Amino acid sequence: MLTRILAVCAAVICSGLIAVGANLPLFTGPQDPSQLLAVANQLIQSVNTGVTGNLAAATADGATTATTAEVTLQTYSLPANQLSANGQGLRVQCWGTTGANSNNKTMKLYFGATSITTVAAASNAQGWFLRYVLTRRTATTQAMNGEGVAGTAAVTVVATTSQSPTENLAAAVTIKCTGTNGTASASDITAAGMIVEQMK
């Protein structure tokens, strides 16, 4: 048993040094008098806390339907406790195009119930993007700063905005990008992709 635990500890240390991005499971079982299980679990928690990189990358198009209701174009469920330490954060970006018409279009990028949004603009066959950076303050409070652009010819800039979401990070949080048509016209807004990245 002791030999197995020592081998596991060595493997975990190597994994932590080589690839911090792996989310390793905790070991269970009775505590050995040498406390090696406790040491292994502590090490695994330290490695898991250092997870960085892409959590999600949506590459398939999501488009509005022939409705004026808000439509979810891209979505990702942030797992419970993914941001487990104060100061950890996310970078989230969503982008796409608009239909070739003069209908108004509005795009939003959410963290839970909080969003950044473009103005309702008649972008005719134009590109758009929204992005924000979010950091954990506590398990139930976050700091968020976002910006974006709608249009490549007649550009409408989304003013940089700072917000304070109050999501419970011990539960899953929905991250999504949505589109709202001004006129019930299918594919007036298309989200070509969304990326969610975690920062230490």
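The values are calculated or read from the model by the stated rules, or taken from the named source; none is laboratory data. A quick note: this is a predicted structure, and the numbers were derived from the prediction, not measured. Quick reminder, even Gly has a Cβ in these numbers, built from the backbone with ideal geometry, and neighbours come from all protein chains shown.
The number of residues in the stretch 133-147 being buried (at least 19 other Cβ atoms within 10 Å of the Cβ) and either on the phi > 0 side of the Ramachandran plot or among the aliphatic types (A, V, I, L, M) (or both) comes to 2. The condition (being out of contact with any helix residue (DSSP H, G or I) (no Cβ under 6 Å at 6 or more places or on another chain) and modelled with pLDDT of 95 or more) is satisfied by just one residue among T135, T118, T52: T135. Do we find a residue being part of a strand (DSSP E or B) and within 14 Å of S187 (Cα to Cα) anywhere in the stretch 108-124? No, there is no match, as no residue in the stretch 108-124 is part of a strand (DSSP E or B) and within 14 Å of S187 (Cα to Cα).
The residues of the stretch 62-98 that are within 29 Å of S185 (Cβ to Cβ) and either of a type in the set (V, I, T) or out of contact with any strand residue (DSSP E or B) (no Cβ under 7 Å at 6 or more places or on another chain) (or both), listed by number, are T64, T65, A66, T67, T68, A69, V71, T72, T75, V92, T97, T98. Counting the residues of the stretch 79-121 that are touching a residue at least 60 places away in the same chain (Cβ under 8 Å) and β-branched (V, I, T) gives 4.
Screening A154 against (1) more than 19 Å from D61 (Cα to Cα); (2) part of a strand (DSSP E or B); (3) at pLDDT below 95 leaves a single unmet condition, (2). For the stretch 123-132, the set of residues classified as crowded, with 16+ Cβ neighbours inside 10 Å and either among the hydrophobic types (A, V, I, L, M, F, W, C) or touching a residue at least 60 places away in the same chain (Cβ under 8 Å) (or both) consists of W128, F129, L130, listed by residue number.
Restricting the search to the stretch 172-192, which residues are in a strand (DSSP E or B) and either under 30 Å from N86 (Cβ atoms) or outside the structural domain of Q88 (by TED's automatic domain parsing) (or both)? Passing the criteria: V173, T174, I175, K176, C177, T178.
Based on this model, can you work out whether N168 counts as in contact (Cβ under 8 Å) with a residue 12 or more places away in the chain, buried (at least 19 other Cβ atoms within 10 Å of the Cβ) and more than 14 Å from the chain's Cα centre (by Cα)? Considered against the rule, which asks whether it is in contact (Cβ under 8 Å) with a residue 12 or more places away in the chain, buried (at least 19 other Cβ atoms within 10 Å of the Cβ) and more than 14 Å from the chain's Cα centre (by Cα), N168 comes out as no.
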